[in-house]
Amino acid sequence: MTIQKFSAKFERLTADQLAPWKGIPPAVASDCMNRGHVMASRISPLAFGMTLCGQARTVTSMVGDHSATLVAIDLAEPGDILVIDARGHTETAVWGGVMTQAALARGIAGIVVDGAVRDAAEIRQLGFPTFASGICPAGPNRGFGGAVDGPISCGACPVQPGDIVIGDDDGIAVIPLRHREAVLRAALLKLDEEKGLYADIKSGRSLATRFGLVVEDMG
């Protein structure tokens, strides 16, 4: 089977444009997008402390097949994040140590896969940011087809090539590229507001009062 390659024409952000996003937690970004645009909780970092920040290159793979991902590694540019819809299948790994070495050689900034990975200890040792929905030693197949740079759903979250992907211990948030400026403004404002909340807590103010909750005494 052939691999479908879609046109990935999107605005490439400079390092300076991406830099502010490195200080935005996925939870805050999600709060600023009506508490949406996050991936399912099954997708988590391979090691605590791993973080992601970059633009997405998308992959759709057949169950248990890594053919399209191999093509995506060759097409990716430094700083890209591969976001792989592996159909949530966790009994066959579609990513491992050899692919990690290839990704590092290409300057890929990390991967997110709704599926399984293997060679977990090696990947952790290499420090390659990897978010996945499972770990399994069974290796992948090749030749069943797939697609690169098309619209996908990964962890029940829509992703387009070029979207901003940020990840930390909480999981993954995806910021649509066309909304990045508005979301960034809102996120920076929210972080400032949270500083005020922490100050209130230290001063002894009730959070319930701070949020204007009304308590009805039922006797």
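Since every read-out is calculated from the coordinates, none of them should be taken as a lab result. Keep in mind the model is a prediction, meaning the values are calculated, not measured. For neighbour counting, all protein chains shown are included, and Cβ atoms are generated from backbone atoms with ideal geometry for every residue, glycine included.
Here are the numbers for the structure shown:
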{"read-out": "Lys, Arg +1 and Asp, Glu -1 on Cβ, resulting dipole of region 123-188 about Cα centre, debye, nearest 20", "value": "140 debye"}
{"read-out": "Choice from Phe131, Phe48, Phe144 with maximal GNM fluctuation in the chain (Cα, 10 Å cutoff)", "value": "Phe48"}
{"read-out": "All lysines inside 30 Å of Lys202 as judged from Cα atoms, apart from same-chain residues fewer than 8 positions distant", "value": "Lys22, Lys190"}
{"read-out": "DSSP bridge pairs, the chain: antiparallel proportion in percent, nearest 5", "value": "50 percent"}
{"read-out": "Net length gained if the chain between Asp192 and Asp170 were fully extended (0.36 nm per residue, minus Cα distance)", "value": "5.9 nm"}
{"read-out": "Rounded to whole Hz, the Karplus (6.51, -1.76, 1.60) HN-Hα couplings of region 191-196, x for glycine and proline", "value": "4, 5, 5, 5, 4, x"}
{"read-out": "Taking the C-alpha atoms of region 81-153, convex hull volume expressed per residue in Å³", "value": "90 Å³"}
{"read-out": "Where trypsin sites (Lys or Arg not before Pro) fall in DSSP loop in region 15-83, at most 11 other Cβ within 10 Å", "value": "Arg35"}
{"read-out": "Long-range Cα-Cα pairs in the chain (distance over 27 Å), rounded percent", "value": "34 percent"}
{"read-out": "Cα centre as origin, Lys/Arg/Asp/Glu Cβ charges: region 1-56 dipole, Debye", "value": "200 debye"}
{"read-out": "Value at 222 nm in deg cm²/dmol, rounded to 500, when DSSP H runs of n ≥ 4 in the chain each add -39,500 (n - 2.57)", "value": "-8000 deg cm²/dmol"}
{"read-out": "Karplus 3J(HN,Hα) series, Hz, for region 71-83 with 6.51 cos²θ - 1.76 cosθ + 1.60 (x for Gly, Pro)", "value": "5, 4, 4, 5, 8, 5, 10, x, x, 5, 10, 7, 10"}
{"read-out": "Region 57-75 and region 90-116: distance between their alpha carbon centers, rounded to Å", "value": "10 Å"}
{"read-out": "Residue order, fewest to most surrounding Cβ atoms within 10 angstrom, among His89, His66", "value": "His89, His66"}
{"read-out": "Only Lys, Arg (+1) and Asp, Glu (-1) charged, at Cβ; region 1-150 dipole about Cα centre in debye", "value": "60 debye"}
{"read-out": "Contour excess over end-to-end distance, with Cα ends at Glu216 and Ala40 and 0.36 nm allotted per residue", "value": "59.8 nm"}
{"read-out": "Mean separation of Cα contacts under 8 Å (6+ apart) over length of the chain, as relative contact order %", "value": "30 percent"}
{"read-out": "For Asp200, net neighbour charge (Lys/Arg +1, Asp/Glu -1) across residues whose Cβ lies under 12 Å away", "value": "+2"}
{"read-out": "Using θ = phi - 60° and Karplus 6.51 cos²θ - 1.76 cosθ + 1.60, couplings along region 207-219 (whole Hz; Gly, Pro as x)", "value": "5, 4, 5, 4, 8, x, 6, 9, 9, 9, 6, 8, x"}
{"read-out": "Aspartates and glutamates with Cα under 19 Å of Lys195, excluding same-chain neighbours fewer than 8 positions away", "value": "Asp31"}
{"read-out": "For region 1-33 versus region 136-215, the gap between their alpha-carbon centres in whole angstrom", "value": "11 Å"}
{"read-out": "Residues listed by number, region 94-113, amide nitrogen under 16 Å from Glu77 label point at 7 Å toward C-beta", "value": "106-110"}
{"read-out": "Low-density loop cleavage sites - GluC sites (Glu not before Pro) in region 162-219, where at most 15 other Cβ are within 10 Å (DSSP)", "value": "Glu216"}
